Amino acid sequence: RKEAYYNAIISGACQVIIIILGFLVPRLFISNYGSNVNGLLGTISQIFTYVALIESGIGAATQNALYKPIAASDNQRICEILTASKKYYHKVTVYYALVVAGMAFVLPFVIKTDVDYWTIVGIVIFEGASGIVNFWFLEHWKMLMAAEGKQHVIARIDLVSRVLSYL
């Protein structure tokens, strides 16, 4: 009960901060760089949201597989599941990185904007880098935290990731 309350408070606070940033950052981009750059950033962000679907359920499968070993305190089985999940995420990360690299060099030709080629390449790489780091290092641990009912940890990770992305 205490854990659920803590999860709700921390997750809610993190979501409020993310929502506030979601309103402020685009406004800053529009006022400082114009709607053209803001639209470009929004488009690239949306593309990566769809590209992240390459994960295709690894997280849900990992989380579901972890419930029984966590309940039984079977650390050996937990480690086996996390190791298998990590291997899948590493494969996904390679594909995701290839998509990021491909998009970085193709998107400037596809999107009609006043922003120069190398700026678009940089934006795509920086935007894609957060997904690469997330898939390679964090995602399998986030599934463990979710299965253990520690959503407050995931909320904090997501908040830090979002803040770094905005910076």
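Look at (1) surrounded by fewer than 18 Cβ atoms within 10 Å (Cβ to Cβ); (2) part of a helix (DSSP H, G or I); (3) in contact (Cβ under 8 Å) with a residue 12 or more places away in the chain and you find that Pro108 fails only one, number (1). Only residues that are under 12 Å from the mean Cα position of the chain (by Cα) and exposed (fewer than 15 other Cβ atoms within 10 Å of the Cβ) were counted in segment 131-154, giving 2.
Scanning segment 155-167 for residues that are over 11 Å from the mean Cα position of the chain (by Cα) and in contact (Cβ under 8 Å) with a residue 60 or more places away in the chain returns Ala155, Arg156, Val163, Tyr166.
Total residues in segment 51-77 satisfying the condition of being buried (at least 17 other Cβ atoms within 10 Å of the Cβ) and of a type in the set (Ser, Thr, Tyr): the figure is 1. Taking first residues from segment 123-143 that are touching a residue at least 12 places away in the same chain (Cβ under 8 Å) and closer than 17 Å to Thr83 by Cα and partners that are open to solvent by less than 50 Å² (accessible area, probe 1.4 Å) and among the hydrophobic types (A, V, I, L, M, F, W, C), the Cβ contacts under 6 Å between residues at least 6 apart in sequence or on separate chains come to Phe135/Val92; His140/Leu82; Lys142/Ile154.
Tally up the residues in segment 3-20 that are among the hydroxyl-bearing types (Ser, Thr, Tyr) and loosely packed, with under 11 Cβ neighbours inside 10 Å, please. So that I can check it myself, show each step before the final result.
Residues of segment 3-20 among the hydroxyl-bearing types (Ser, Thr, Tyr): 5-6, 11.
Next, only the ones that are loosely packed, with under 11 Cβ neighbours inside 10 Å stay: 5.
Count: 1.
Looking across segment 21-50, the residues that are over 25 Å from Ile132 (Cα atoms) and either in a helix (DSSP H, G or I) or open to solvent by 50 Å² or more (accessible area, probe 1.4 Å) (or both) come down to Phe23, Leu24, Arg27, Leu28, Ile30, Ser31, Asn32, Tyr33, Ser35, Asn36.
The values are calculated or read from the model by the stated rules, or taken from the named source; none is laboratory data. Bear in mind that the values here come from a model prediction, so they are computed numbers and not experimental data. So basically every Cβ, Gly included, is an ideal-geometry build from the backbone, and we count neighbours across all protein chains shown. In case anyone asks, the SASA skips ligands and DNA or RNA and just uses the protein heavy atoms, side chains included. Shrake-Rupley method; radii C 1.70, N 1.55, O 1.52, S 1.80 Å.
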